Structures are given as C-alpha cells and as structure tokens.
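Peer 1: One structure is given below, represented as structure tokens, and several questions about it will come after.
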Amino acid sequence: MTGYERKSSERYLPDQGREACGLFGVMNTSGKMFPGNIAISAIKNIKVRGNGLGGGFAVYGLYPDYKDFYALHIMFEDKWRDVKTIVEKYLTENFNVSYDEQIPTNPHVNIFHPPLVWRYFVTPEKKGDERNISDDEFVVDKVMHINTSIEDAYVFSSGKNMGVFKGVGFPEEIADYFLLDKMYEGYIWTVHSRFPTNTPGWWGGAHPFSILDWTVVHNGEISSYGTNRRFLEMFGYYCTLFTDTEVMAYAVDYLMRRQGYPIEVASKIFAPPMWDAINRMDEKEKHLNTTLRMVYGPLLLNGPFTVIVARHNEMFGITDRIRLRPITAGAKDDMVYLSSEEAAIRTVAPDLDFAWTPHGGNPVVVRMNSTDHLLSMENSI
C-alpha cells in the first residue's frame, strides 16, 4: 500500500455540540455507475457542518459479482476476543457463506480506534418453519439476533449489491480509510457528516443506518424516538446502536417493504399534515390522512429532522413539517442531488438544470428511469 502519506484526523474533541449534521445524496436515474469523488467532494465543501465524530457512506451497485448475495458488513469492537468466531459459527449455522474477507482499508490513515470490519456474502439456509418466511424476513431476524445477543458484534449493512461504510472521523477520512474513491463505483451514493444526536461518537453509531438495502442519513433530533422504538419492537425490530436515527431505518423497512406503501404514503405517516389542514381536505384525502394518523400514529416523527433515504432504484429526501432542518434538491441531466446545503450540490454540479427547496413534509422522490423528482418542484418554496 505505497503512495499514501500518513494522515491525522482533525476531530474536534470534546466539543460535540459544534455546528450540525451535513447530508448529501446523489443518484443517476439511468443507472450509470460513477465513483465516489462526487459525494466526497460535496461533503467536504460543508465540513463546517461536521465535527469528526462520525461520517459514513452508502453505495448502491458496488458488488456486481455478488449481486444475488446478501452482503453482511459486520464490525467487531474488540479484536482480541473470540466474538468473530462466535459470529461466524452462527452464520454458518444459518447461511451459506459464499465468500468473506476483511474489508480493505488504508493503513496510512490515522483514524480513531477502528474496529475489525469484515464482510460476508451469504444466502439463507432456512430450516423447518423458517422455510415459510421470505429471505428478507429471515435475514432481518438473524441480523437482530446478532445485534442484540452477541456482545461487541454489529451487523451494520445487510443488503444485496450495496454497502455501508462508516466510522468515527470526518467523511473524507472514512472514505480514505475504506478506499472508497479507489475501489468502488455505484449509481447511488449518500453520505453523512457529524454524529448521532445525544449519543457518543462511536463506530456503530455513525450514519448511515441500514437494514436490508434501506439506508438512512439524518440531520436533527427525533424526540418521538421512545414511542417509535416501542412500536417497532412489536414487529421484531430492536434498536441496539444507541441513536434516534436507527428507528427511521426500521420504520421505512416496516412501512415500505412489509406493508408495501410507496414513499408518498409513508411520508404522510412520518410527517403528517396538521389536523386543521386535514379538516380542510376533500373527503377522500381526509379519510386517507385520518386513517394513517390513527393506525400509524406511533410512527409519526416529532422534532426537527431532514432525512435522505435510499434503496435500490430509489432515493428520497424529506424534512419535518415546519422545516426546522434544511434540504435542497438539484438536477442536471440524469444526475439528481439532495443535500442539507445547496453549496454542496453546486460544488459538484455548478451548472444545474434545476435547483429547488421543497416544502416541509413534502418528499423529493428520485426513481430509476423517471422524472418523478421534478414533481416536487410544483410545491416548492
């Protein structure tokens, strides 16, 4: 690994409250792959939004040779214990492990206390009654078991042909450490700077948060975390990473994969219209919004937030109803951008075709081979 200079982190310690989170997401709507330099350059431009206590990326399309396998990224916090052996015994009891390796890293990046990080490409090996559940449900169950039952081991990425890379440091340091700009290409990249609210800066607590191929990056504070968490626990989702954002990843999986709702409906659950606005709607809309609030009230997200959520073939961004956190969208040809700051977008796409700011609670939905994202311009500020 020659040609690299040893780098030191610029983390601001212990001033955790400095500034706020920075978010950025970019998707090519024709599915064309591109390297990580766009996401890295964009997030570096808004470095003032971070403090070096957390950074991370989600990349879609990066494992084409293993696209039919679940890619489990697992961190082992204590390298010297036998936790890795315990996890691997559990994996071989429940999966066919096609290939595994330590995720390549740059030893010349001086990053804070990195855990051992390994990836496993697996397919489920279901037994007995497990054959009656879907592969996705099987994987969620096993991920929850590892994260709740095996100390010092965390599955932080579990989708197919996608991966999360995160840790303690500025995002560009995490990118350098995992060699993101040298080893991977994807058609969606999302990135987050800073650290999870009200929790220590630790490797598992950095964003993005993920379950299956869902990933979430978040700016703000979800004050309804306790209510959201208790509701999700009824359906087998257990929060183990000590942060409010984790509930968002599980909520989108529950609503959009299990319940089959599109984001246009899920967004009405996360950031519903005020009751007085519902009362002014026509009867059909009033019935829909009233039903969603009554049935899924425990998944309403209170507090200031902006999130960028991604899965294969789709990315969306949304803020809280009164826009206590910012989001801006931009588009140039087949590239669509979402960010907490327009400056990040302009850094990598100075000649945008469109740039707009959506109203609170109205999602910008970016879909493959679609111009759906432009629909949100009709209701923008």
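Peer 1: Shape call for the range 122-250 from the C-alpha gyration tensor, a ≥ b ≥ c root eigenvalues: rounded (a/c under 1.5), prolate (a/b greater than b/c) or oblate? Write down the numbers at each step before the final one.
Peer 2: Values: a/c = 2.01, a/b = 1.24, b/c = 1.62.
Oblate shape, in that a/c is at least 1.5 and b/c is the bigger or equal ratio.
Peer 1: Next up: Just Gly50, Gly360, Gly297 to compare: in a GNM of the chain, with alpha carbon springs under 10 Å, which one fluctuates most?
Peer 2: Gly297
Peer 1: Top mean-square fluctuation among Leu338, Leu300, Leu116, Gaussian network model of the chain, C-alpha springs under 10 Å?
Peer 2: Leu116
Peer 1: Under 17 Å from the Cα of Lys284, which aspartates and glutamates turn up, not counting those fewer than eight places away in the same chain?
Peer 2: Output for Lys284: Glu264, Asp276.
Peer 1: Still on this structure, please answer the following. So what are the ³J(HN,Hα) numbers for the range 96-111, from phi and the Karplus equation (6.51, -1.76, 1.60; θ = phi - 60°), rounded to whole Hz, Gly and Pro as x?
Peer 2: With the stated coefficients, the range 96-111 comes to 8, 8, 7, 7, 8, 6, 5, 5, x, 9, 9, x, 8, 8, 8, 10 Hz.
Peer 1: Which of these, Gly128, Gly55, Gly260, has the largest mean-square fluctuation under a Gaussian network model of the chain (Cα springs below 10 Å)?
Peer 2: Maximum among the listed residues: Gly128.
Peer 1: Around Asp333, with a cut-off of 12 angstrom between Cβ atoms, what is the net charge of the other residues, counting Lys and Arg +1 and Asp and Glu -1?
Peer 2: After counting each charged neighbour, the total is -1.
Peer 1: Also: In the range 240-295, carbon and sulfur make up what percent of the accessible area (probe 1.4 Å)?
Peer 2: So the carbon and sulfur contribution to the accessible surface is 60 percent.
Peer 1: Can I ask one more? Considering amide H positions built from the backbone, and no H for Pro or chain starts, which residues 5 or more places from Cys21, or on another chain, come under 5 Å of its amide H?
Peer 2: Amide H neighbours of Cys21: Gly220.
Peer 1: If you restrict to DSSP beta bridges whose two residues both lie in the chain, what percentage is antiparallel, to the nearest 5?
Peer 2: Working: 72 of 74 bridges.
Percentage antiparallel, nearest 5: 95.
Peer 1: For a quick check of your reading of the filter: which GluC sites (Glu not before Pro) in the range 82-186 sit in a DSSP loop and have no more than 12 other Cβ atoms within 10 Å? The partial results should precede the final answer.
Peer 2: Values: sites: Glu88, Glu93, Glu101, Glu125, Glu130, Glu137, Glu151, Glu172, Glu173, Glu185; in loops: Glu125, Glu151.
Passing both the DSSP loop test and the Cβ count: Glu151.
Peer 1: Which entries of Lys160/Lys268; Lys44/Lys89; Lys89/Lys166; Lys44/Lys160; Lys166/Lys268; Lys142/Lys286 have Cα-Cα distances beyond 32 Å here?
Peer 2: Values: Lys160/Lys268 28 Å; Lys44/Lys89 40 Å; Lys89/Lys166 25 Å; Lys44/Lys160 28 Å; Lys166/Lys268 30 Å; Lys142/Lys286 40 Å.
Those over the limit are Lys44/Lys89; Lys142/Lys286.
Peer 1: Tell me what the chain gives for mean residue ellipticity at 222 nm when only DSSP H runs of n ≥ 4 count, each as -39,500 (n - 2.57), the sum divided by the residue total, rounded to 500 deg cm²/dmol.
Peer 2: That calculation yields -7000 deg cm²/dmol at 222 nm.
Peer 1: Under 1.5 on a/c is rounded, so check that first for the range 185-257, then, if it is not, pick prolate when a/b is larger than b/c and oblate when it is not; a ≥ b ≥ c are the square roots of the alpha carbon gyration tensor eigenvalues.
Peer 2: It comes out oblate by the Cα gyration axes.
Peer 1: So, one more: Give me the dipole magnitude in Debye, nearest 20, for the range 235-381 about the Cα centre, with unit charges on the beta carbon: positive for Lys and Arg, negative for Asp and Glu.
Peer 2: Details: 14 positive and 18 negative charges, 91 e Å.
Taking the Cα centre of the range 235-381 as origin, the dipole is about 440 debye.
Peer 1: Moving on. Report in % the part of the accessible area of the range 77-132 that belongs to carbon and sulfur, leaving out ligands and nucleic acids; probe 1.4 Å. Provide the component values of the computation, followed by the final result.
Peer 2: Working: 1600 of 3230 Å².
Of all accessible area on the range 77-132, carbon and sulfur atoms account for 49 percent.
Peer 1: I've got another one for you. Can you list which of the trypsin sites (Lys or Arg not before Pro) found in the range 62-171 are DSSP loop residues with at most 12 other C-beta atoms within 10 Å?
Peer 2: Lys79, Lys127
Peer 1: Moving on. Nothing charged except the Cβ atoms of Lys and Arg (+1) and of Asp and Glu (-1): what's the magnitude of the dipole of the chain about its Cα centre? Round to the nearest 20 debye.
Peer 2: The dipole of the chain has a size of about 460 debye.
Peer 1: Tell me, how many Å apart are the Cα centres for the range 265-330 and for the range 166-196?
Peer 2: Taking the Cα centre of the range 166-196 as reference, the centre of the range 265-330 is 29 Å away.
Peer 1: While we're here: Using a probe radius of 1.4 Å on heavy atoms only, what accessible surface per residue do you get for the range 114-211? Whole Å² is fine.
Peer 2: Counting only protein heavy atoms, the per-residue value for the range 114-211 is 29 Å².
Peer 1: Still on this structure, I have one more. Tell me whether the range 34-189 comes out rounded, prolate or oblate; compute the Cα gyration tensor, take square roots of the eigenvalues as a ≥ b ≥ c, and use a/c under 1.5 as the rounded threshold.
Peer 2: prolate
Peer 1: Another one. Please calculate how many Å² of accessible area the range 261-381 carries per residue, with a 1.4 Å probe and no DNA, RNA or ligand atoms counted.
Peer 2: Details: 5390 Å² over 121 residues.
On a per-residue basis, 45 Å².
Peer 1: With a Förster radius of 25 Å, plug the Cβ-Cβ distance of Asp353 and Asn379 into 1/(1 + (r/R0)^6) and report the FRET value to the nearest 0.05. Don't jump to the answer; show the numbers that get you there.
Peer 2: On the way: r = 19 Å, r/R0 = 0.75.
Rounded to the nearest 0.05, the efficiency is 0.85.
The values are calculated or read from the model by the stated rules, or taken from the named source; none is laboratory data. If you're wondering where the values come from, they're calculated on a predicted model, not measured in any experiment. Glycine also receives a Cβ, built like all others from the backbone with ideal geometry; neighbour counts cover every protein chain displayed. Accessible surface is based on the protein model in full, side chains and every heavy atom, while ligands, DNA and RNA are left aside. Shrake-Rupley method; radii C 1.70, N 1.55, O 1.52, S 1.80 Å.
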